[in-house]
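To start, the structure itself, in structure tokens.
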Amino acid sequence: MDFSHGMRKKLALSIALLPNPDLLFLDEPFEGVDAVTGSVIRDLLLSFVRRGGTVLLTSHILEIVERLCTHVGIIHAGRLIEQTLPDEVRSGSSLEKRFLERVGFKAFDASRVAGRWGPQ
């Protein structure tokens, strides 16, 4: 039997929760899932944390990190380069902006290539 990507994510999370662990390590739990599945996963994780569990998750979806996490770590090139609280990030900008600044990303200047890729 073939399950959808979202169903496999929910099944894997359910299996991880069965032994009633104190700690969950999740890699991209919201990647590739629809809004309904994302909501189910979010509610499961919040319920797990309310019962005293800890979740360590990775995500490229920074809005989810800002909404769900109580602590944030920025990893670049395999190294933890910053640990902070979401409120500290929100007071100055967004997590995305903070991340881009910390990893040294320079903003793309579309005006330099506009003539090469289409109408100006």
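Summary of computed values
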read-out: Modelled FRET efficiency - R0 30 Å, Arg8 with Glu88, Cβ distances, 0.05 increments; value: 0.25
read-out: Check: the chain dipole with +1 on Lys, Arg Cβ and -1 on Asp, Glu Cβ, in debye; value: 160 debye
read-out: Net charge contributed by nearby residues that have their C-beta within less than 15 Å of Ile75 (K/R +1, D/E -1); value: -2
read-out: Per residue convex hull volume, Cα atoms of the stretch 1-58, in Å³; value: 74 Å³
read-out: Cα pair distances of the stretch 7-115 binned at 10 Å [whole percent]; value: 12, 39, 30, 14, 4, 1
read-out: The chain: most fluctuating residue of Gly73, Gly53, Gly104 per GNM, C-alpha cutoff 10 Å; value: Gly104
read-out: Ranked list, fewest to most other Cβ atoms within 10 Å of each Cβ, for Val65, Val36; value: Val36, Val65
read-out: Ranked list, fewest to most other Cβ atoms within 10 Å of each Cβ, for Thr37, Thr58, Thr70; value: Thr70, Thr58, Thr37
read-out: Backbone N within the stretch 53-68 under 16 Å of label point (7 Å from Asp27 Cα along the Cβ vector); value: 56-61
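We did not get these values from a lab; they are worked out from the coordinates using the rules stated. Given the structure is predicted, the values throughout are model-derived calculations rather than measurements. Please note: Cβ atoms are built from the backbone with ideal geometry, for glycine as well, and neighbour counts cover all protein chains shown.
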